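A.B. asks: Okay, handing you the structure first.
What follows draws every value from the coordinates through simple rules; no lab data is involved. Computed from a predicted structure; not experimentally measured. No Cβ is skipped: glycine too gets one built from the backbone with ideal geometry, and neighbour counts run over all protein chains shown.
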Amino acid sequence: MIQTVLGTSSDIVVRKINDDSTGLDGVAFVYIYDLIDQQTVNQMILHPLMTEIGEQTSPSSSSEWLKIIKNKVLSVGQVKELHSMDEAVNQLLEGCTLVFLQGCTVALAANTYGGEYRSIEEPSSQTVIRGPKESFTENIKTNISLMRRRIKSTELRVELRQIGKQTKTHVGIMFLKGIAKDKIVEEIRTRLNRIDTDSILESAYIEEFIQDANMTPFPTIENTERPDAAAAGILEGQIAIIVDGTPFVLLAPVTFVRFFQSSEDFYQRYDIATFLRIIRYVSFFISMLLPSLFIAISTFHQEMLPTPLLISLAAQREGVPFPAIVEALLMEITFEVLREAGVRMPRVIGPAISIVGALVLGQAAVQAGLVSAAMVIVVSFTAIANFVIPAINMAIAARLIRFVMMILGGTLGLFGIMSGMMVILIHLAGLRSFGVPYLAPLSPFIWTNWKDTFIRVPQWAMKKRPPTMASKNNITRQGKGQKPAPPGPNSDT
Amino acid sequence: MRRIARVFLLSIGMCLVTTGCWDRTELNELAITSATAIDWEDGQWVVSYQVVIPSAISAAMSAVGEGASKLPVIVYSTKGKTIRDAVWHSSLESPRKLFFSHTRVIVVSNIAAKQGLGPLMDVYFRNPDSRETVSVLIAEGNARKILEQLMQIQIIPGDGIEEMMRREAADFSALPNVRIYDLAMGIVSPAHSAVLPEILVSGSPGVTSVDAMNRTSLTSKLRLGRLAVIRGDKMIGWLTRNEAMGVAFMRDEINATTFSFPCHSQDRKESSAFRLNHSSTKVTPRKSGDHYAMEIAVKGEGMLLETNCDLDLNKPEVIKEMEKQLEIKVKDMIKTSWNATKNLQTDILGFADVIHRKYPKQWKQLKKDWPASFVQVKIDPHVKITIKRMGLSKKSFKSITENN
């Protein structure tokens, strides 16, 4: 029967036991070899069935046998009774071992889920100096456990569902009931339920199906591979969407400023965190605008430069064959090529590409008179500044907008850049993430949120959750008078 | 709807492509002018430009010690009936567009200044590419030769002249650093007059080549000289530097200055030096009958730099005496300048403004023949100078050596 549904895949194991001596006749186990934990199957299912079965009093009907097997023999945590073929196949593909009894219409599914998985490792894309070194893995069960260990609240809810007609990927949403807004949870549920696709291989699939706006370079859903970051989000009223098969967990709703917060901001002192946060905003603007400003000022607004700088720049441009805009586009595209090559190429060839990149393209291009040295500095600084932004999807937005800005700056000068910025600002102000305004603490202006926007105040001063995300009747994070103070003169020591 | 949107987007794109870039200039298409000179020859304006050669300058800046092996600037002139006409004639002989936003100084020849500075003002205030913060100087004879003169230490001469002006105005204050807007303000003020510093090439031949630069002492160098007096928009005469100092006191343009003075009334030899660190002047007009008397109250403080008098500086009365001598000295300077200014019949001291402000009704009468009334004005200088510090030593070396 099973074989008619799944075909004759060689990894499906069907084990039949015909032992007349116990009166049990025709038991069959079915499992998929690669999905189960071999040891569990052997010790908890096969061994008890084969040895301990004799100690039981032989019942007459096969349905009673089933009860005995379910209640007394199978010593695994989760055993389910199955009534239909579809259910049975699903369970089989989840890594269960099915137990069939001859003459019985009900089958048993014992959870023997196992197999090889990557263990919990250090996060590779969102590293910190101080802070937890765990990251999510590809296994949704591990991921949920990582979250559960961090938030031991009775209010933590996990809702699992399967999405994808072929992949049947487990997708879980996780939130704190009472802190996350019910409306947003409901919205996420409906958006997830609406997805009708054949496969979900990464959380990006989900992201693209459920995000608010598609025609924007800006991400409206956050992703993280850090359980602590996800936990922090959930505690602020965000909803985590965990997808099986990827270590990247989605967090929604999200605001623009969240992409400039690193979880380390909260693990280091608040003063340095504030400083770094300002550096990040500055870097964002540098990475978006620096080449365009350079082009605009050096081709339209030379009077804005100090005289010595102008002369030095003019000297460098002597003999450069291209206009500044072409020069900048050339260098930017070169850098993007280098960057893409660096990501894709095998690790072994790494040093070679850096030599080519640094020496051949940087130094030699200047010496050959193809580009000016100042342009190389501008492009490299822009590139470095781009890496400062903690969220890679926000960094990508700045990277794309940069090219548009360069063309605007090269054709219309500062006026073009200003108009471009206006368009971006209007666009940002119009974006929503699950109903939450994207520029939330800035527009609409929410004063209490400013404690964690451009600056980061100490923990004891952050008394409230962001009201845009957290539900209104549960906004207070901590009690009053949390500011540490030295013991008073009357306290005895 | 989609169609309309597409057409709309396309037209915006076309606007960008077809209208953008019209005033785009690459850096290597600019002739950056560091100084401009204006001469008047045969009824035509001759405008000269000191254009920097960026590659030579950046090479000179990077290779410190080697000295400039190439000339940092070139100078060329064009002629025209108007100043801007002359400027655009430059495209007949220059491969690059003249760029005036970084011009630091304008040197006007006294001949051109006698023709009137009006056209120059108009050019500078009408055009967005030239700045109102440019310093204006006067040169006697040919102004172009000032631009041809190379400078030591400062690579770009135009830059160097402006730095020199600024330093002088801040530390010595005899000659003011006159920006073109100061000049315009002076010309349109009730006094209708202004002053301009003079720049000259002292010595000969002029240092105009790299070879001439390769010496520790140059055959000639640029220096600041006298003070030119402008009435209306025309230059009418000169004041010497000593006279200029008193003018600076009266115009309240002293930032800091240094001068010698005698220690006490018996010994008239000026054997001590005083650094005036701070000074302010208040001019108040007093009307007595038909005449006006200007009360000029100068208040200053500073430190003793040098003294060669046989004096005990620990005694307060000695300091008092010194202060008194300083006050007499400043008063003398003011009186000298006043006489020189009276001879020129030009109110460069701004008396017209203060009278206008205090006696607006009488001013209406007065302004009809202000130069004549100006000569009738009496001045009444009051000077108060405080010596704040005596330096590290109390007694002078002279007193130590003579008393032993």
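A.B. asks: Once you average over the residues of A:304-313, how many Cβ atoms of partner chains fall within 10 Å of each Cβ?
C.D. replies: For peptide A:304-313, the averaged partner shielding equals 6.
A.B. asks: Enumerate the amide H contacts of A:LYS464 below 5 Å, restricted to partners 5 or more residues apart or on another chain; note that Pro and chain-start residues carry no placed amide H.
C.D. replies: Correct list: A:ARG477.
A.B. asks: Could you order peptides A:345-357, A:198-210 by the average number of other Cβ atoms within 10 Å of their residues, highest first?
C.D. replies: Going from most to least packed, we get A:198-210, A:345-357.
A.B. asks: Continuing with the same structure: What is the fewest-to-most order of B:ILE146, B:ILE180 by other Cβ atoms lying within 10 Å of their Cβ?
C.D. replies: B:ILE180, B:ILE146
A.B. asks: Roughly how crowded by other chains is peptide B:154-167, in terms of the mean Cβ count from those chains within 10 Å of each of its Cβ atoms? Let's see the in-between values first.
C.D. replies: Numbers: counts 0, 2, 3, 0, 1, 3, 0, 0, 1, 0, 0, 0, 0, 0.
Mean shielding by partner chains, rounded to a whole number: 1.
A.B. asks: If amide H atoms are built 1.01 Å from N in the plane of the peptide, which residues on other chains or at least 5 residues away come under 5 Å of the amide H of B:VAL108?
C.D. replies: Result for B:VAL108 returns B:ILE38, B:LEU137, B:ILE138, B:ALA139.
A.B. asks: In whole angstrom, note down how far apart the Cα centers of segment A:133-156 and segment A:326-387 are.
C.D. replies: Using only Cα atoms, the two centres lie 41 Å from each other.
A.B. asks: Now for a separate question. Amide H of B:ALA35: which non-local residues (sequence gap of 5 or more, or other chain) have their own amide H closer than 5 Å, using H built in the peptide plane?
C.D. replies: Amide H neighbours of B:ALA35, under 5 Å, 5+ apart: B:GLN50, B:ARG104.
A.B. asks: Output the 0 to 90 degree angle, nearest 10, between the alpha-carbon long axis of helix A:307-317 and the longest principal axis computed from the alpha carbons of chain A.
C.D. replies: Once rounded, one gets 70 degrees.
A.B. asks: Find which of A:ILE355, A:ALA373, A:ALA324 sits farthest along the positive direction of the dipole of segment A:266-436, computed with +1 on the beta-carbon of Lys and Arg, -1 on that of Asp and Glu, about the Cα centre.
C.D. replies: Most positive-ward Cα: A:ILE355.
A.B. asks: What does the highest-first list of A:364-370, A:158-164, A:43-49 look like by mean Cβ count within 10 Å?
C.D. replies: On the way: A:364-370: 13.4, A:158-164: 15.6, A:43-49: 17.4.
Per-residue mean Cβ counts within 10 Å order the peptides as A:43-49, A:158-164, A:364-370.
A.B. asks: Rank the residues A:TYR267, A:TYR117 as a footprinting-exposure proxy: fewest other Cβ atoms within 10 Å of their Cβ go first. Present the calculation step by step, with values, prior to reporting the outcome.
C.D. replies: Working: A:TYR267 14, A:TYR117 11.
With the sparsest Cβ surroundings first, the list reads A:TYR117, A:TYR267.
A.B. asks: Given only helices, namely DSSP H runs of n ≥ 4 each adding -39500 (n - 2.57), what is the per-residue ellipticity at 222 nm of chain A, to the nearest 500 deg cm²/dmol?
C.D. replies: When only DSSP H runs of four or more count, the value is -12500 deg cm²/dmol.
A.B. asks: Let me know the mean shielding of A:322-334 by other chains, meaning the per-residue number of their Cβ atoms within 10 Å of its Cβ.
C.D. replies: Counting Cβ atoms of other protein chains within 10 Å of each residue's Cβ and averaging gives 1.
A.B. asks: Still on this model: Rounded to the nearest 5, what % of DSSP beta bridges with both residues in chain B are antiparallel? Write out the running numbers ahead of the final one.
C.D. replies: Working: 52 of 76 bridges.
If we restrict to bridges inside chain B, about 70 percent are antiparallel.
A.B. asks: What's the exposure ranking of A:LEU408, A:LEU309, going from fewest to most Cβ atoms within 10 Å? Intermediate results must be reported in sequence, preceding the final value.
C.D. replies: Working: A:LEU408 24, A:LEU309 12.
Result, fewest neighbours first: A:LEU309, A:LEU408.
A.B. asks: Give me a comma-separated list of calculated 3J(HN,Hα) values for segment A:212-229, in order, Karplus coefficients 6.51, -1.76, 1.60 applied at θ = phi - 60°, integers in Hz, x for any Gly or Pro.
C.D. replies: Once θ is set to phi - 60°, the couplings for segment A:212-229 become 5, 10, 9, 8, 8, x, 8, x, 10, 9, 8, 10, 8, 10, 9, x, 5, 5 Hz.
A.B. asks: Along the positive direction of the dipole of segment B:104-204 (beta-carbon charges: Lys, Arg +1; Asp, Glu -1; about the Cα centre), which of B:GLN152, B:VAL195, B:PHE125 reaches farthest?
C.D. replies: Farthest towards the positive pole: B:PHE125.
A.B. asks: How large is the helix-only mean residue ellipticity at 222 nm for chain B, computed as the sum of -39500 (n - 2.57) over DSSP H runs with n ≥ 4, divided by its residue count, in deg cm²/dmol to the nearest 500?
C.D. replies: Estimated from H runs of four or more residues: -11000 deg cm²/dmol.
A.B. asks: To the nearest 10 degrees, how steeply does helix A:140-150 sit against the main Cα axis of chain A, on a 0 to 90 scale?
C.D. replies: 70
A.B. asks: Among A:332-344, A:211-223, how do they line up from the highest to the lowest mean number of other beta-carbon atoms within 10 Å?
C.D. replies: Ranked from most to least packed, the peptides come out as A:211-223, A:332-344.
A.B. asks: Enumerate the calculated ³J(HN,Hα) couplings along segment A:413-423 in order (Karplus 6.51 cos²θ - 1.76 cosθ + 1.60, θ = phi - 60°), each rounded to whole Hz, writing x wherever the residue is Gly or Pro.
C.D. replies: x, 4, 4, x, 5, 4, 5, x, 5, 4, 4
A.B. asks: Still on this structure, please answer the following. Strictly greater than 17 Å: what percent of every Cα pair in segment A:187-295 meets that?
C.D. replies: Considering segment A:187-295, 63 percent of its Cα-Cα pairs are separated by more than 17 Å.
A.B. asks: Now a separate question. So what are the ³J(HN,Hα) numbers for segment A:428-442, from phi and the Karplus equation (6.51, -1.76, 1.60; θ = phi - 60°), rounded to whole Hz, Gly and Pro as x?
C.D. replies: 4, 5, x, 6, 10, 10, 6, x, 8, x, 5, 8, 2, x, 8
A.B. asks: On to the next question. Return a whole-number percent for the relative contact order of chain B, with Cα pairs under 8 Å and 6 or more residues apart as the contact set. All intermediate terms of the calculation are to be shown ahead of the outcome.
C.D. replies: Numbers: 800 pairs, mean separation 50.1, N = 404.
For chain B, the relative contact order is 12 percent.
A.B. asks: Between exposed GluC sites (Glu not before Pro) in chain B, where DSSP calls loop and at most 14 other Cβ atoms lie within 10 Å, what's the longest gap? Walk me through the numbers before you get to the answer.
C.D. replies: Values: sites that count: B:GLU66, B:GLU93, B:GLU132, B:GLU270.
Longest site-free region, per DSSP loop and neighbour criteria: B:133-269.
A.B. asks: Let me ask something else. Using alpha-carbon pairs under 8 Å, 6+ residues apart, how would you state the relative contact order of chain A in percent?
C.D. replies: In percent, rounded to a whole number, it is 14.
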